[in-house]
Amino acid sequence: MKTKHVAPVTLSIASSFDNIELAQFVCDYVLRPWSLSADTTHAISMALREGIANAIKHGNGGDAQKRVSLTLQVEGDVFRMSIGDEGRGFEPENVADPLAPENRLKTSGRGIFYMKTFMDDVRYDFSLGGTQVVLEKKLVAEEPE
Amino acid sequence: MKANVRDSGNVSIIELKGKITIGSGDIQLRDTISRLLDVGKKEILINLKDVTSIDSSGIGELVGCYTTVTNKGGRLRLLHLPPKIQDVLTVTQLITVFDVYENEPEAVASFGS
């Protein structure tokens, strides 16, 4: 496992779901030197896509004039991504539990749960206006054959 | 995402290919199911073998399709679940909602019961 640092890479994208692919491409590029395990790659991809989709849909309300920011960084063996929107924030404690029997068959409401499940740490910062979600994951390299 | 539909007896098999993610494939899946229900086809098997990626919107669509088909008196089952999609269904306890098969003839035969 390499331990070099990656200086923050920042992307500002318009609120379009098509741009999730662009963010995914940049993230893959940033993490390419690490030869990550399939599980780690999948976890980060899942969280990245959920985070940006939430920022576009819930944070910015789908307003194409509003931007979503994405910052990617590696410190040691920890990958950190911050996703920011221009919305009004929300109260994480009020988010419904998708595992509750009454919510199990709902068609939405699992994005935050997936982010928490697939990343090691998820926290929110509302101090800058909008929502800034910061997600961290320890990088695990692919096992050598 | 591409969706190819074929029949095996009274079972409609939807073969999905590509991503079922927000803005790409999620609505298409719903429309495909609606068209089948509109012509009275209620026994539906979704083959996920060639699905490369799914997100919470895609999962939501699968759940919504399951509910829609069930409410119409039909049955929706899954075939060839890729490991990553199985993980995503497992952590949200949805794996227990769907009947999942690894073998098409067995899956088709299950609708006879």
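The values are calculated or read from the model by the stated rules, or taken from the named source; none is laboratory data. Quick caveat: nothing in here was measured; it's all calculated off a predicted structure. Here the Cβ is made from the backbone with ideal geometry for all residues, glycine too, and neighbour counts use every protein chain on show.
Observations on the structure shown:
- Failed item, numbered, when A:Thr107 is tested on (1) surrounded by fewer than 16 Cβ atoms within 10 Å (Cβ to Cβ); (2) within 14 Å of chain B (Cβ to nearest Cβ): (1)
Conditions (1) more than 27 Å from A:Ile52 (Cβ to Cβ); (2) of a type outside the set (A, V, I, L, M, F, W, C); (3) out of contact with any strand residue (DSSP E or B) (no Cβ under 8 Å at 6 or more places or on another chain), marked per residue:
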| site | (1), (2), (3) |
| --- | --- |
| B:Leu36 | yes, no, no |
| B:Leu45 | yes, no, no |
| B:Asp55 | no, yes, no |
| B:Gly58 | no, yes, no |
| B:Val63 | no, no, yes |
| B:Thr68 | yes, yes, yes |
| B:His80 | yes, yes, no |
| B:Val88 | no, no, no |
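- Filter pass, A:Ile56 being touching a Lys or Arg at 6+ places or on another chain (Cβ under 9 Å), modelled with pLDDT of 95 or more, assigned to a strand (DSSP E or B) and not acidic (Asp, Glu): no
- Under the condition of being within 30 Å of A:Ala38 (Cα to Cα) and of a type in the set (Ser, Thr, Tyr), the residues counted in the stretch B:68-113 number 4.
- Candidate set: the stretch A:72-104, residues that are assigned to a strand (DSSP E or B) and buried (at least 21 other Cβ atoms within 10 Å of the Cβ); chosen: the one nearest to the other protein chains (Cβ to nearest Cβ): A:Ile83
- Selected residue (criterion: nearest to the chain's Cα centre (by Cα)) from residues of the stretch B:1-23 that are surrounded by 14 or more Cβ atoms within 10 Å (Cβ to Cβ) and outside any strand (DSSP E or B): B:Met1
- Matching option when the condition is farther than 21 Å from A:Lys106 by Cα, aliphatic (A, V, I, L, M) and either in a helix (DSSP H, G or I) or within 14 Å of chain A (Cβ to nearest Cβ) (or both), among B:Leu89, B:Leu36: B:Leu36
- Subset of the stretch A:110-125 (residues that are more than 7 Å from chain B (Cβ to nearest Cβ), over 11 Å from the mean Cα position of the chain (by Cα) and part of a loop (DSSP other than H, G, I, E, B)): A:Asp120
- Taking the numbered list (1) within 14 Å of chain A (Cβ to nearest Cβ); (2) more than 20 Å from A:Ala43 (Cα to Cα) in turn, B:Gly58 passes all entries but (2).
- In the stretch A:37-50, the residues that are facing another protein chain (nearest Cβ under 7 Å) and buried (at least 24 other Cβ atoms within 10 Å of the Cβ) reach residues that are among the polar types (S, T, N, Q) and in a helix (DSSP H, G or I) with C-beta atoms within less than 8 angstrom, at least six apart or across chains, in these pairs: A:Arg49/A:Gln24; A:Glu50/B:Ser56.
- Considering residues of the stretch B:61-86 that are more than 10 Å from chain A (Cβ to nearest Cβ) and of a type in the set (Lys, Arg) only, the residue nearest to B:Asn4 (Cα to Cα): B:Arg77
- Of the candidates B:Gly64, B:Gly40, B:Gly58, B:Gly73, the single residue that is farther than 16 Å from A:Phe113 by Cβ and surrounded by 15 or more Cβ atoms within 10 Å (Cβ to Cβ) is B:Gly64.
- For the stretch A:127-141, filtering for residues that are surrounded by 14 or more Cβ atoms within 10 Å (Cβ to Cβ) and either within 14 Å of chain B (Cβ to nearest Cβ) or outside any strand (DSSP E or B) (or both) leaves 4.
- Qualifying residue in the stretch A:74-85 (condition: of a type outside the set (A, V, I, L, M), more than 16 Å from A:Met119 (Cβ to Cβ) and in contact with a strand residue (DSSP E or B) (Cβ under 7 Å, 6 or more places away or on another chain)): yes
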